Amino acid sequence: MLSQQSQELIFSNSVAQAIEKWVNTARPSKLFVIADSNTAELCLPVIERESKVIADAHRIVFPAGETHKNLDTLASIWGELCDYGASRSAAVVNLGGGVVTDMGGFAAATFKRGIRFVNVPTTLLAAVDAAVGGKTGIDFHGFKNEIGAFCCADAVIISTLFFNTLPQSERMSGFAEMLKHSLIAGGDAFSRLTSVKEMDFAGAGFLELLKESVLVKKRIVEQDPTEKGLRKALNLGHTAGHAFESWALEQGKPVPHGYAVAWGLVVDLVLSHIQLGFPSETLRAVSAFIEENYGRIAIDCSDYDTLVEIMRHDKKNAGDGSISFTLLRAPGEVDVNRTATPEEISVALDIFRDLLHI
């Protein structure tokens, strides 16, 4: 299924009222809430107290965690939609992080060839990334998001209401995607985002920063909904980042996705400097911020071959053996479909280690 409709983005900490307004307009025949065990305990009661339509909706709850983002869980969601009378005019509210919005969106996109759904991201990473843009799916045969569809939620209700339920590492993981968006946007976006000394992730001021970041992604997705060209800009930091993430997992020392992306941003900006002349002063500023806030990953030169091999298997590659990157000529000047040789990547990793004092 392919859906390219524009999705409504609602930025509000009055989440219950926003859901009520959408339901009163959409008038679904029946409403379902999909949540994982964490959001069912920590987030759903907050909304139920203020929203009768959510309190009366049928709950579909599955165990929390990426390991449950699979075909078995998906089938159980379809089963409950079927057993509890979901028609094509029913609707789903996905309440949770990226696992919930990815899988709940895919369940809705495929049930009876598609029913309406609303995403209510409860993590910063989901709010700035997974819940927006129409990518849905599940993991399959050990590969992340191997089966899925492009299908936009009718609405995404973005708030900071639940961010204080998250550990600091999870908030910083989402913040890395905001850093990425600021570099893609250009201008003074990065300096403004990183100038806040005491970040209040639940405050109204942060909701404005989050809105600015999400709108960067929205503009790109609307121009390239199925990732044929410009949307690849959003892969900045992800080729090296996914390699770091996979390498750490193999070492038995997993790292949050956003931390790996933050380190990947430094590698990509080093390659950008080598290939495209990205400004060295900006590279140093980004590196210093990331070292201070995300620490270091303990790689040495003996790990380079493994990291390069992981990058060869990245699904963004063209399939001709080359390794693809999204690079920047300067903040705001994106160059997609760049490639780098293993030798260039090794040099970039050397400089990366120097910049982060590894």
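For the range 7-20, the condition of being in contact with a Pro (Cβ under 6 Å, 6 or more places away or on another chain), part of a helix (DSSP H, G or I) and under 22 Å from ASN164 (Cβ atoms) holds for none of the residues. Looking at the range 180-199, is at least one residue buried (at least 19 other Cβ atoms within 10 Å of the Cβ), touching an Asp or Glu at 6+ places or on another chain (Cβ under 8 Å), of a type in the set (Val, Ile, Thr) and in contact (Cβ under 8 Å) with a residue 24 or more places away in the chain? No - not one qualifying residue is present in the range 180-199. Filtering the range 260-280 to residues that are open to solvent by 10 Å² or more (accessible area, probe 1.4 Å) and within 20 Å of VAL196 (Cα to Cα) leaves nothing. Reported count of residues in the range 100-131, each being open to solvent by less than 10 Å² (accessible area, probe 1.4 Å), more than 16 Å from the chain's Cα centre (by Cα) and closer than 29 Å to LEU209 by Cα, is 2. Residues in the range 132-152 that are touching a helix residue (DSSP H, G or I) at 6+ places or on another chain (Cβ under 6 Å), buried (at least 23 other Cβ atoms within 10 Å of the Cβ) and over 21 Å from PHE175 (Cβ atoms): THR136 only. Checking each residue in the range 23-42 for being open to solvent by less than 30 Å² (accessible area, probe 1.4 Å) and not in a strand (DSSP E or B) picks out VAL23, ALA26, PRO28, THR39, ALA40. For the range 313-332, the condition of being in contact (Cβ under 8 Å) with a residue 24 or more places away in the chain and part of a helix (DSSP H, G or I) holds for none of the residues. Go through VAL61, VAL92 for me and flag whichever is part of a strand (DSSP E or B), at pLDDT 95 or above, crowded, with 24+ Cβ neighbours inside 10 Å and at negative phi. On inspection, the qualifying residue turns out to be VAL92.
The values are calculated or read from the model by the stated rules, or taken from the named source; none is laboratory data. This one's a predicted model, so the numbers in the text were calculated from it and none came from an experiment. Cβ sites come from the backbone with ideal geometry, for glycine too, and all protein chains shown count toward neighbours. Ligands, DNA and RNA are excluded from the accessible area calculation, which covers all protein heavy atoms including side chains. Shrake-Rupley method; radii C 1.70, N 1.55, O 1.52, S 1.80 Å.
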